[in-house]
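These notes concern the structure reproduced below.
The values are calculated or read from the model by the stated rules, or taken from the named source; none is laboratory data. Everything quoted here is computed from the prediction, not taken from an experiment. Backbone-built Cβ (ideal geometry, glycine too); neighbour counts: all protein chains shown. The protein model used for the area step is the full one, side chains on, heavy atoms only, and it has no ligands, DNA or RNA in it. Shrake-Rupley method; radii C 1.70, N 1.55, O 1.52, S 1.80 Å.
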Amino acid sequence: MKFDVMTLFPDMVRGVLGESIIGRAQSGGLIEVVCHNIRDFSKDNHRKTDDTPYGGGVGMVMTCQPIYDCYESIINNIPEHNKRRVIYMSPKGAIFSHEKACELSQYDNLIFLCGHYEGVDQRILDEIVDEEISIGDYVVTGGEIPACIVIDAVSRLLDGVLASSECYEGESVASGILEYPQYTKPREFRGRKVPEVLLSGDHAKIDRWRLEEAVKITKERRPEMLLMHPEIEESLKPKKKRKGR
């Protein structure tokens, strides 16, 4: 999959996505992340990309021309048969979720527009953007970090990026509930011991303990998730024995 990022600050994106698993996925050719500096497409002598808003108000608004020319240069290099989608990272968008990440992982090309200042001229959004996505009910300084979050979440779902699908299928949210606690060596740290069940070697007991802990944590922190997946909590209840005839 190829990710194209239209931005005024390409080094922000490269710095975040050039490390760890996503960095290795790029080096291994599993994904491609290309940053396009919107400023390079400005026809202004000073490479200006924003202007004052019509109607007055504080701040500046990103202008249409450099963004559209940047967009055109991207789509001109995408094969016609490729499935592509243009995303604007915006607090006005739908909240990003694991389900959305799964949906986006089915595309060949994802193009991200990262806004700054007071945002982007609405006409460019109407002209090129397929959907707006938010990473939460708060505002950050620009769309770069939100775009990196979406790219990271989508990339992890692609074949070969992680060792196997088990690496993400049992994780928090992806499984329908939050994840159980994890432990590693040593067995004791500052008086805190690893739960004995994890040392038992009894995989059936371990699996049940993990599910019980996951349900407990989800009840405490995200009870609404259990309402969406009642079958998970139901599976922990003792099964009724059938009466003999």
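See the values below:
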| quantity | calculated |
| --- | --- |
| Selected from Thr63, Thr49, Thr184 as most flexible by GNM, with the chain as the system and alpha-carbon contacts under 10 Å | Thr184 |
| Within the accessible area of the chain (1.4 Å probe), percent carbon and sulfur | 49 percent |
| Debye, to nearest 20: dipole size of the stretch 103-233, +1 on Lys, Arg Cβ, -1 on Asp, Glu Cβ | 1240 debye |
| Accessible area in square angstrom per residue, the stretch 111-226, 1.4 angstrom probe | 60 Å² |
| For the chain, calculated [θ]222 nm from helices alone, where every DSSP H run of n ≥ 4 adds -39500 (n - 2.57) | -10000 deg cm²/dmol |
| Gained length - Ile217 relative to Glu131, 0.36 nm times residue gap less alpha-carbon distance | 27.6 nm |
| 10 Å Cβ shell holding at most 12 others, DSSP loop, chymotrypsin sites (Phe, Trp or Tyr not before Pro): longest site-free stretch of the chain | 139-245 |
| Per residue value of the accessible surface for the stretch 1-74 (all protein chains in place, 1.4 Å probe), Å² | 54 Å² |
| Spherically averaged projected area in nm², based on the convex hull that wraps the Cα atoms of the chain | 21.1 nm² |
